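The values are calculated or read from the model by the stated rules, or taken from the named source; none is laboratory data. Bear in mind that the values here come from a model prediction, so they are computed numbers and not experimental data. All Cβ positions, even for glycine, are placed from backbone atoms using ideal geometry, and neighbour counts span all protein chains on display. To get the accessible areas, we keep the full protein, side chains included, count just its heavy atoms, and leave off ligands, DNA and RNA. Shrake-Rupley method; radii C 1.70, N 1.55, O 1.52, S 1.80 Å.
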Amino acid sequence: MSARFDPSGPLRGRLRVPADKSVSHRAAIVGAMASEPVRVRNYLEAADTRSTLGAIRELGAIVERRDHELVIRGCGLRHARAPAERIDVGNAGTLMRLLPGWLAFQEGSSFELDGDASIRRRPVDRIAEPLRLMGAQIDAREGRFPPFTVHGAALSPIEYELPVASAQVKSCLLLAGLATGETTVIEPIPTRDHTERMLLRAGATVERAQDRTGAWRSTVGNADELELDDVEIPGDLSSAAFLIAAGVLVKGSSLVLEGVGVNWTRTGFLRILERMGATVLTDAEPVGSFEAEEPVAELDVRHGPLEATTVGAGEVPLAIDELPLVALLGCFAEGDSAVTGASELRVKESDRIATVVDGLRGLGADIEATEDGFVVRGAGGLRGGVLNAHGDHRLALLGAVAGLASSEGVEVEGIEAAAVSYPGFADDLAALAS
Ligand code: S3P
């Protein structure tokens, strides 16, 4: 299915963006591990997070919808039920990489996980290797791809330094660590800490701090059971980022985005934008904070001129899903912008270095791929044309925003992919444009 996004007049108004995908996945998974029912308000209604509810139901959790909330009756920490069928994770990489952390200590049970064509090309050795070090047995296709099977076992604690900066890998090991005594994950570059915050709220012993070398250490202690108070999911900064980019790029725009999660481990994109000359954050969580609550703020977005910037490896994990937007903004900025140290983009829902560079070049951008990022020459804007989403939700959303800011409009092929994280995106844009 394709959709056209024509050059837009000013975007104006107030909007509440969809719920955070990362936090929704974690609320559902930790809710399934809990011993008491958990009420989750503002759970994300999108394809990825529906996959998570499907998966936890397969494992024995009961999920009820009541008005605007979900009630999850979990299985308890050590009582996930082995389903007869494969667990289908759909397109959800976070589900695929977090769930095995829990399943790995369901002693005597085996669980097979599989997903769509995009999931089948995303590596799972990054979780399988450390889980094996903890004592789990995991069989994967070609040793590293889905479908794969997790055989539950008695686990031992580890101290593990992440070879790639990945919140999904860290989260998987922290969930497994609940059954081991003290398990520590060391991150030379910090990644989002939603799992640590959710586990802290669920009564687990969690410590997170920077050590003398500057690395971040997250440690979980052994838990007998988890109990989660009501959870309210904040708005998703990664979804808001597309509206922010639209507001910054489309002349005359002025938007207010309400209830956006501003956990500092997610707001790297706002800091990059600030460097480019666009300040949007009104009430930031200070960099380096760690507390159980997920902070929320209102964001003010205005159109304005942009300067080029360079994003280095240290900033990449805290803006990982927004880097395609840095490429788009770079097309409109004064000077050459670059992203480096971002080879992880190659193993996202698509190879996001290739799909972003090819996609934007097709719209008239002067952009080149590098091994671990891209370089884009600001040319005062974009012509427009056709962009293929390659089944990747963030590419579909990128194409739509590019269309509004372009001179001739953009036809997005495969726009339906947007439903993975932001099903109502086109309607929200239309509301802001009217
Ligand atoms: C996520 C972590 C990131 C991010 C993904 C969601 C999470 O992936 O790209 O969209 O919820 O933990 P990596 O952990 O692979 O960097």
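Of the residues in the range 107-118, none is part of a loop (DSSP other than H, G, I, E, B), over 20 Å from Gly391 (Cα atoms), of a type in the set (A, V, I, L, M) and open to solvent by 10 Å² or more (accessible area, probe 1.4 Å). Residue count for the range 339-358, restricted to those that are open to solvent by 10 Å² or more (accessible area, probe 1.4 Å), free of Cβ contacts under 8 Å to residues at least 60 places away in the same chain and in a helix (DSSP H, G or I): 5. For the range 191-217, the set of residues classified as part of a strand (DSSP E or B) and within 13 Å of the ligand (Cβ to nearest atom) is empty. The single condition from (1) assigned to a strand (DSSP E or B); (2) within 23 Å of Lys348 (Cβ to Cβ) that Ile72 fails is (2). Quick check on my filter: what residues within the range 144-173 are away from the ligand (no atom under 16 Å from the Cβ), of a type outside the set (A, V, I, L, M), open to solvent by less than 30 Å² (accessible area, probe 1.4 Å) and part of a loop (DSSP other than H, G, I, E, B)? The answer is Gly152, and nothing else.
Does any residue of the range 335-343 turn out to be within 11 Å of the ligand (Cβ to nearest atom), closer than 20 Å to Ala246 by Cβ, among the hydrophobic types (A, V, I, L, M, F, W, C) and in the same structural domain as Gly403 (by TED's automatic domain parsing)?
Residues of the range 335-343 within 11 Å of the ligand (Cβ to nearest atom): 342.
Checking which are closer than 20 Å to Ala246 by Cβ leaves us with none.
No - not one qualifying residue is present in the range 335-343.
Since Ala47 meets every condition but one in (1) small (Gly, Ala, Ser); (2) surrounded by fewer than 24 Cβ atoms within 10 Å (Cβ to Cβ); (3) more than 25 Å from Gly259 (Cα to Cα), which condition does it not meet? Looking at each condition in turn, Ala47 falls short on (3). Residues of the range 93-117 that are hydrophobic (A, V, I, L, M, F, W, C), within 16 Å of Gly31 (Cβ to Cβ) and within 16 Å of the ligand (Cβ to nearest atom): Leu95, Leu98, Leu99, Trp102. Regarding the range 72-84, can at least one residue be identified that is buried (at least 23 other Cβ atoms within 10 Å of the Cβ), within 16 Å of the ligand (Cβ to nearest atom) and of a type in the set (Val, Ile, Thr)? No, that holds for no residue.
Return yes when Val376 is of a type in the set (A, V, I, L, M), open to solvent by less than 10 Å² (accessible area, probe 1.4 Å) and assigned to a strand (DSSP E or B) and no when it is not. Full working, then the answer.
On the way: of a type in the set (A, V, I, L, M): yes; open to solvent by less than 10 Å² (accessible area, probe 1.4 Å): yes; assigned to a strand (DSSP E or B): yes.
Considered against the rule, which asks whether it is of a type in the set (A, V, I, L, M), open to solvent by less than 10 Å² (accessible area, probe 1.4 Å) and assigned to a strand (DSSP E or B), Val376 comes out as yes.
What about Gly101, is it part of a loop (DSSP other than H, G, I, E, B) and closer than 28 Å to Thr265 by Cβ?
On the way: part of a loop (DSSP other than H, G, I, E, B): no; closer than 28 Å to Thr265 by Cβ: yes.
Considered against the rule, which asks whether it is part of a loop (DSSP other than H, G, I, E, B) and closer than 28 Å to Thr265 by Cβ, Gly101 comes out as no.
Could you say whether any residue in the range 11-31 is under 22 Å from Cys172 (Cα atoms), outside any helix (DSSP H, G or I) and β-branched (Val, Ile, Thr)? The answer is no; no qualifying residue exists.
Which residues, counting only those in the range 31-44, are closer than 27 Å to Ala176 by Cβ and either open to solvent by 10 Å² or more (accessible area, probe 1.4 Å) or within 13 Å of the ligand (Cβ to nearest atom) (or both)? Reasoning before the result, please.
Just the residues of the range 31-44 that are closer than 27 Å to Ala176 by Cβ, to begin with: 31-40, 43-44.
Answer for the range 31-44, where residues must be closer than 27 Å to Ala176 by Cβ and either open to solvent by 10 Å² or more (accessible area, probe 1.4 Å) or within 13 Å of the ligand (Cβ to nearest atom) (or both): Ser35, Glu36, Pro37, Arg39, Tyr43, Leu44.
Inclusion of Ile186 among residues that are β-branched (Val, Ile, Thr), closer than 30 Å to Pro10 by Cα, more than 11 Å from the ligand (Cβ to nearest atom) and in contact (Cβ under 8 Å) with a residue 24 or more places away in the chain is not warranted.
Kindly check whether there is at least one residue in the range 82-90 that is without any contact (Cβ under 8 Å) to a residue 24 or more places away in the chain and in a strand (DSSP E or B). Lay out the reasoning, then the answer.
Just the residues of the range 82-90 that are without any contact (Cβ under 8 Å) to a residue 24 or more places away in the chain, to begin with: 84.
Going one step further and asking which of them are in a strand (DSSP E or B), we end up with none.
No, that holds for no residue.
Say we look at the range 1-20 and pick out the residues that are surrounded by 24 or more Cβ atoms within 10 Å (Cβ to Cβ) and within 16 Å of the ligand (Cβ to nearest atom); which of these is nearest to His303 (Cα to Cα)? Among those residues, the one meeting the criterion is Val17.
Specify which of the listed residues (Leu387, Leu398, Leu382) is open to solvent by less than 30 Å² (accessible area, probe 1.4 Å), more than 23 Å from Ala19 (Cα to Cα), touching a helix residue (DSSP H, G or I) at 6+ places or on another chain (Cβ under 7 Å) and outside any strand (DSSP E or B). Talk me through it step by step, then tell me what you get.
Working: Leu387 fails: outside any strand (DSSP E or B); Leu398 fails: more than 23 Å from Ala19 (Cα to Cα).
Step by step, each of Leu387, Leu398, Leu382 is checked, and only Leu382 is open to solvent by less than 30 Å² (accessible area, probe 1.4 Å), more than 23 Å from Ala19 (Cα to Cα), touching a helix residue (DSSP H, G or I) at 6+ places or on another chain (Cβ under 7 Å) and outside any strand (DSSP E or B).
Restricting the search to the range 308-337, which residues are surrounded by 24 or more Cβ atoms within 10 Å (Cβ to Cβ) and among the β-branched types (Val, Ile, Thr)? Passing the criteria: Val311, Val326.
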